[in-house]
2 protein chains.
Amino acid sequence: MALDSGRGRPAAGGSATISDVAQAAGVSRQTVSNVLNAPHRVRPVTRERVEQVIAELGYHPNRVARSLRASSPGMVGYRIQSVSTESVAAINDRFLHALVEAGQAGNHHVLLFTAADTDAESDHCTALWRTGAVSGVVLYDIEPHDQRPERLIAAGVPFAAFGRTAAGTDRYSWVDIDNAAGTEAAVDHLVAAGHRRIGFLGWPEGTSVGDARARGWLAAMDRHGLLAQSHRLDVRGPDAMSTGTCLMAELLDRPEPPSAVVAATDTLAVGALQALRDRGLRAGEDVAVVGFDDTAAASALGLSSVRQPIEEVGRLIMAELLRATSGPSDLDPLQRLLEPELVLRASG
Amino acid sequence: MALDSGRGRPAAGGSATISDVAQAAGVSRQTVSNVLNAPHRVRPVTRERVEQVIAELGYHPNRVARSLRASSPGMVGYRIQSVSTESVAAINDRFLHALVEAGQAGNHHVLLFTAADTDAESDHCTALWRTGAVSGVVLYDIEPHDQRPERLIAAGVPFAAFGRTAAGTDRYSWVDIDNAAGTEAAVDHLVAAGHRRIGFLGWPEGTSVGDARARGWLAAMDRHGLLAQSHRLDVRGPDAMSTGTCLMAELLDRPEPPSAVVAATDTLAVGALQALRDRGLRAGEDVAVVGFDDTAAASALGLSSVRQPIEEVGRLIMAELLRATSGPSDLDPLQRLLEPELVLRASG
DNA sequence: TCGGTCGATTTTATCGTTCAAGCCGCCGTT
DNA sequence: AACGGCGGCTTGAACGATAAAATCGACCGA
């Protein structure tokens, strides 16, 4: 029988190492390793003996050592944003959950960090990658002129993004929601229900998501030939419930108020519902309201809303990142636009 | 000048290693290491030369290798829960954010994982610890008869918990909110405002958080001698907005309805507000409502609410966990009860 | 009987870092 | 001049794992 060449500590304080198992089973470290990673190379008799010792000692291979050898940490970085006190209906937690779940399926974990702004985020991502702490990072909520993609490309950090910039999108992997199609679907539905004057509650111009949702409303209204009588029903403000209430009130005060509104987020839509209630109007009967994101608030309030397949986005992004980092070489980056889906409830 | 005994690859594909720096600066690896970790041991001239080479090569010490050597991964595990579709106002994201931020301050990162239930969570925590992936874990939302603490103690996994079990709390570190004091404060405030019939909207019995909040309401009502006329104003249901609406409606239908209610969560309180509106009653004028958690929804709706210092909880838990894992030995576990604070708004 | 192939296992080297011990030269002391 | 001490640096070993190469015996065909 062979002797183990490693040190002979008998599994004292910490858990057992591969050398402990090797020694106890009377084989070499490598054979133990093979039992775990390439069982077909080991004779069944030996394998069973080793497996039994592994069970007895409660041996679990050390991830850190494995990562060092494999020069792949099995980690993906993600910046957790500070919680907004404005938005009453966010979905980034759904995204994160999907990311973690998909990562786990591919034997990767998600490592969280915080950063004050996107510049600090880029720096942190770069540092994490340079120190070998992560094999790649995930970016959330990319803006049209976001600096993050180009910075990370310059630093050589592998990444995949939810959302995309205005330019250079062919150079990196992204998954995005067809936000315009979402608001278009909302308008189409409202038109089919007989509405003609359909307002839009949106964010101020300049965000990728907000602009796309506004564009969808505009395109659909135009397609139905309703722009002439509705082009002034497009109102904007920051993403807060109070904004939704104010903007809706403003629209209702018009000489020709809308009979329906499409909101860029559930937060704005919930605010709009409030404005209706303040005037004794009933959502869905007097005025139809459609939100965006299908949050818990929407389902609780019976608010129709456009649902993003955000879990699917998380899965795709993680799968793509793992493919890119563990894969053999540089294939074409994934660029995928997913369709949202209108969920109908009492409000419209 | 000495030669470096390590291999001589000139920093090809990946980033530079400590050996590359040593070779380029004409010193040994250990000297480079000392420049970074114990600068006082290195002569200023040498130090500057090495520092310059470090900057030129863009060298960043590899965390994985460092972790292996130090046998401390610099990671803390945390289970991210699946997102509830019921609760419209959760605060676990605030907790997680605080945790990550506090960890970063102590050079630790948070590693996320998912698990179907608390048993799976315990197993995953144990596996993460046995494989050396984390130096400890954080538990969220401990129930009275939660199995997690004792399981982790049995497995030897270091942890710190938000919340505590009914028994054995002296054996582990926890931070909890004095939930009873929160609802007591709410009742005290309402009594001072002249209310006598004060209802309670809570969860069914059996949860640590829910029971404590109910207990606080009961204790304060008793202390003010109001139980006789209000003991039937305690209604319970699952934590959903619709529940809040139903329960509130039920209370309002009583022959002697409450003039104020304390809710166990903002979700229930928001539902209650809805019930008031359905009957044309005004919150804060006709009926006072106080929620719990001070979520974004509360501030958006002008709902008075009991605010948990959850960021403080996150900071304390992370600090304690780092102390316990990196500390020299087993000091007494931290056991800390924090006071919540009543935030007054228009609803009461 | 000998070279060759193959399967099972061991040996060696390596991932990148840091701890512990060793070496060398300089200074001050007696 | 011999010695101890110390600052500054290098050397060797170790952390725990795995890829690649080497070893060894058995089996096979010529």
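Checking A:V21 against (1) at pLDDT below 95; (2) within 8 Å of DNA strand D (Cβ to nearest atom); (3) away from chain B (no Cβ under 13 Å), which single condition isn't satisfied?
(1)
Please name all residue pairs, on different chains or six or more residues apart, with Cβ atoms under 9 Å, provided the first residue is in the stretch B:185-210 and is acidic (D, E) and the second residue is in a helix (DSSP H, G or I).
B:D188/B:A220; B:D188/B:R223; B:E205/B:D211; B:E205/B:A214
Of everything in the stretch A:157-184, what is among the small types (G, A, S) and open to solvent by 40 Å² or more (accessible area, probe 1.4 Å)? Give them in sequence order.
Passing the criteria: A:A166, A:A167.
Filter the stretch B:112-130 down to the residues that are within 7 Å of chain A (Cβ to nearest Cβ), outside any helix (DSSP H, G or I) and surrounded by fewer than 22 Cβ atoms within 10 Å (Cβ to Cβ) and list them by number.
B:T114
When the residues of the stretch B:33-80 are filtered to those that are touching a residue at least 24 places away in the same chain (Cβ under 8 Å) and hydrophobic (A, V, I, L, M, F, W, C), which remaining residue is farthest from DNA strand C (Cβ to nearest atom)?
Only one residue fits best here, namely B:I80.
Kindly establish whether B:L316 is modelled with pLDDT of 95 or more, in a helix (DSSP H, G or I), crowded, with 18+ Cβ neighbours inside 10 Å and not basic (K, R).
Yes; evaluated as a whole, the condition is true for this residue.
Going through the stretch B:147-171 one residue at a time, which ones are more than 17 Å from the chain's Cα centre (by Cα) and among the charged types (D, E, K, R)?
B:E150, B:R151, B:D170, B:R171
Of all the residues that make up the stretch B:153-171, how many are among the polar types (S, T, N, Q) and over 22 Å from B:R315 (Cβ atoms)?
1
Report the residue count in the stretch B:71-111 for those that are assigned to a strand (DSSP E or B), more than 7 Å from every other protein chain (Cβ to nearest Cβ) and not small (G, A, S).
Residues in the stretch B:71-111 being assigned to a strand (DSSP E or B), more than 7 Å from every other protein chain (Cβ to nearest Cβ) and not small (G, A, S): 4 in total.
Assigned to a helix (DSSP H, G or I), modelled with pLDDT of 95 or more and open to solvent by less than 10 Å² (accessible area, probe 1.4 Å) - does that describe any residue in the stretch A:224-238?
no
Looking for something touching a Leu at 6+ places or on another chain (Cβ under 9 Å) and at pLDDT 95 or above - is there at least one such residue anywhere in the stretch B:208-220?
yes
Taking only the stretch B:198-207 into account, find how many residues are crowded, with 19+ Cβ neighbours inside 10 Å and either at pLDDT below 95 or of a type in the set (V, I, T) (or both).
Qualifying residue count for the region: 1.
When the residues of the stretch A:289-313 are filtered to those that are modelled with pLDDT under 95 and on the phi < 0 side of the Ramachandran plot, which remaining residue is farthest from the other protein chains (Cβ to nearest Cβ)?
My answer is A:A298.
Return yes or no: is A:V83 open to solvent by less than 20 Å² (accessible area, probe 1.4 Å) and either within 16 Å of DNA strand C (Cβ to nearest atom) or hydrophobic (A, V, I, L, M, F, W, C) (or both)? Working first, answer last.
Numbers: open to solvent by less than 20 Å² (accessible area, probe 1.4 Å): no; either within 16 Å of DNA strand C (Cβ to nearest atom) or hydrophobic (A, V, I, L, M, F, W, C) (or both): yes.
Judged against the criteria, A:V83 is not a match.
Could we say that B:G271 is within 12 Å of chain A (Cβ to nearest Cβ) and not in a helix (DSSP H, G or I) here?
Considered against the rule, which asks whether it is within 12 Å of chain A (Cβ to nearest Cβ) and not in a helix (DSSP H, G or I), B:G271 comes out as no.
Restricting the search to the stretch A:32-70, which residues are of a type in the set (G, A, S), within 14 Å of another protein chain (Cβ to nearest Cβ) and under 24 Å from A:H108 (Cβ atoms)?
Those that are of a type in the set (G, A, S), within 14 Å of another protein chain (Cβ to nearest Cβ) and under 24 Å from A:H108 (Cβ atoms): A:A65, A:S67, A:A70.
The values are calculated or read from the model by the stated rules, or taken from the named source; none is laboratory data. In this text, all values refer to a predicted model and were calculated from it rather than measured experimentally. Cβ sites come from the backbone with ideal geometry, for glycine too, and all protein chains shown count toward neighbours. We work out accessible area using only protein heavy atoms, side chains counted, and drop any ligands, DNA or RNA first. Shrake-Rupley method; radii C 1.70, N 1.55, O 1.52, S 1.80 Å.
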